[in-house]
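One structure is given below, encoded as structure tokens.
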Amino acid sequence: MQDVTPLKQLLAYPKQIVITTHHKPDGDAIGSSLGLYNYLIQKGHHVTVITPSDYPFFLQWLPNNTHVLVYPDHKDESARLIAEAELIFCLDFNTLKRIGDMGELVRAAEGKKVLIDHHLEPEDFDDYRYWSINACATAQLIYEFIALKMGEPELINKDVATCLYTGIMTDSGSFRFDTTTPDVHRIAADLIAAGAENSKIHALVYDNFSESRVRFIGYALLNKLEVFEEYKAAIISISKEELLRFNITTGDTEGLVNYALTINGIRLGALIIERPDMVKLSLRSTGDFPANEICKKYFNGGGHKNAAGGMSEKPLDEVINDFKRILPEYKTILIQ
Ligand code: 5GP
Ligand code: MN
């Protein structure tokens, strides 16, 4: 879609609407979803946000968070809402695989599907699309959708602004990634002017950890970080047993991979975690190094150039070894 006219008409009268976002939602996923929710309810729509999985404690304070349905806890109700929805907004993901079991429910649903996203190569399942890989966050696209495409900047109230600011702040690494353009700062300024309390939001997201999470970070950096200077790469790997030992819950490992890149000279960081049903990889890189290519080629995943992810069904040790074996293939790009 970049032409939004049909949606403007569709949203002119109250509709049954579902908003969904990716598995293990992050700040942008929840911020975009609740930002759009808080906009649409002002227009009289009946809206439900359904997440395919739970999400971190430090994101559970956003305005109207209590109305979010977590699919595994409300399967029947979610299935009914998806089937009955006239419009389904799919935010911050590019393939229905990213919403697990809900993917087939959404695919089969009769409602019109709207994709708003900033990931590469979206799957063709949508009816309308507002998509740009140049956006630093899906929340930026939601801002543009409301303010520019729908022409309703006055509906960006404090609740909407708080959610969208959270999405932009988290996906831009607190305004430090190179996706942070002058426009991103201008949008952030508008959101603060509309009521987003920037300092408070930052503290709610980043200064809201449990003691065990902080100790876990210390443990991981001291004992689980392997640095491969010759490849300008570093790996942090975490086993199921370690997750249990430190009582790690959803979101507690978020941001850990970024520590790899804080080491002088390191250009590629990988966090490899043994989850109950698979091994999950999170990659981060700097400059032109395409972390998403490694994920796509070897780990059934994808993502952005500098932030990508994937998975493997092999045991943790094998995945770590696979990753190490892959490094020489990328040596020339990594050391340039
Ligand atoms: P994270 O490392 O924070 O889990 O994910 C970083 C980015 O990588 C996400 O924004 C998403 O674009 C991408 N990503 C993570 N896991 C997967 C995956 O399993 N498949 C795909 N296609 N992309 C992923
Ligand atoms: Mn995002």
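The values are calculated or read from the model by the stated rules, or taken from the named source; none is laboratory data. It should be emphasised that the depicted structure is a prediction, and the values quoted were computed from it without experimental measurement. Heads up, the Cβs are rebuilt from the backbone with ideal geometry, glycines too, and the neighbour counts pull from every protein chain shown. Protein only, heavy atoms only, side chains kept; ligands, DNA and RNA dropped before computing areas. Shrake-Rupley method; radii C 1.70, N 1.55, O 1.52, S 1.80 Å.
Points worth noting:
- Filter result for the condition that a residue is crowded, with 18+ Cβ neighbours inside 10 Å, away from ligand 2 (no atom under 16 Å from the Cβ) and on the phi < 0 side of the Ramachandran plot, over D252, D322, D288, D317: D252
- Scanning segment 76-96 for residues that are touching a residue at least 12 places away in the same chain (Cβ under 8 Å) and charged (D, E, K, R) turns up E84, E86, D92.
- Scanning segment 196-206 for residues that are of a type in the set (G, A, S) and part of a helix (DSSP H, G or I), we see that the one that is most open to solvent (accessible area, probe 1.4 Å) is S199.
- Just one of (1) within 12 Å of ligand 1 (Cβ to nearest atom); (2) in a helix (DSSP H, G or I); (3) open to solvent by 10 Å² or more (accessible area, probe 1.4 Å) fails for Y330. It is (1).
- For segment 23-44, the set of residues classified as surrounded by fewer than 24 Cβ atoms within 10 Å (Cβ to Cβ), within 16 Å of ligand 1 (Cβ to nearest atom) and not acidic (D, E) consists of H23, K24, listed by residue number.
One line per residue, one yes/no per condition, for (1) in contact with a Cys (Cβ under 6 Å, 6 or more places away or on another chain); (2) closer than 18 Å to H23 by Cβ; (3) of a type outside the set (A, V, I, L, M, F, W, C); (4) at pLDDT below 95:
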site	(1), (2), (3), (4)
I88	no, yes, no, no
L91	no, yes, no, no
A135	no, no, no, no
T138	no, yes, yes, no
Y143	no, no, yes, no
N157	no, no, yes, no
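Yes or no, residue by residue, for (1) touching a Leu at 6+ places or on another chain (Cβ under 7 Å); (2) within 17 Å of L225 (Cβ to Cβ):
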residue	(1), (2)
K240	no, no
T250	no, no
Y259	yes, yes
I266	no, yes
G269	yes, yes
E293	no, no
K305	no, no
L327	no, yes
T332	no, no
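- A single member of D101, D73 is surrounded by fewer than 18 Cβ atoms within 10 Å (Cβ to Cβ) and touching a Lys or Arg at 6+ places or on another chain (Cβ under 9 Å), and it is D101.
- Among the residues making up segment 159-177, those that are without any contact (Cβ under 8 Å) to a residue 40 or more places away in the chain and either surrounded by fewer than 17 Cβ atoms within 10 Å (Cβ to Cβ) or touching an Asp or Glu at 6+ places or on another chain (Cβ under 6 Å) (or both) are S174, F175, R176.
- On the stretch given as segment 291-304, residues that are in contact (Cβ under 8 Å) with a residue 24 or more places away in the chain and more than 8 Å from ligand 1 (Cβ to nearest atom) total 2.
- The set of residues in segment 272-291 that are closer than 22 Å to T332 by Cα, in a strand (DSSP E or B) and hydrophobic (A, V, I, L, M, F, W, C) contains only L283.
- Condition met for T48 (assigned to a strand (DSSP E or B) and surrounded by fewer than 24 Cβ atoms within 10 Å (Cβ to Cβ)): yes
- Candidate set from segment 232-249 (those that are open to solvent by less than 40 Å² (accessible area, probe 1.4 Å) and part of a helix (DSSP H, G or I)); member that is nearest to T170 (Cα to Cα): L243
- Subset of segment 110-139 that is open to solvent by less than 10 Å² (accessible area, probe 1.4 Å) and more than 11 Å from ligand 1 (Cβ to nearest atom) - its residue that is nearest to T179 (Cα to Cα): C136
- The sole residue among Y219, Y165 that is more than 16 Å from ligand 1 (Cβ to nearest atom) and either basic (K, R) or under 24 Å from V114 (Cβ atoms) (or both) is Y165.
- Failed condition for G269, given (1) open to solvent by less than 10 Å² (accessible area, probe 1.4 Å); (2) more than 22 Å from A29 (Cα to Cα); (3) in a loop (DSSP other than H, G, I, E, B); (4) not charged (D, E, K, R): (3)
- Conditions (1) touching a strand residue (DSSP E or B) at 6+ places or on another chain (Cβ under 9 Å); (2) more than 16 Å from ligand 1 (Cβ to nearest atom): number failed by D76: (1)
- Given (1) modelled with pLDDT of 95 or more; (2) over 19 Å from the mean Cα position of the chain (by Cα), number of the condition D277 does not satisfy: (1)
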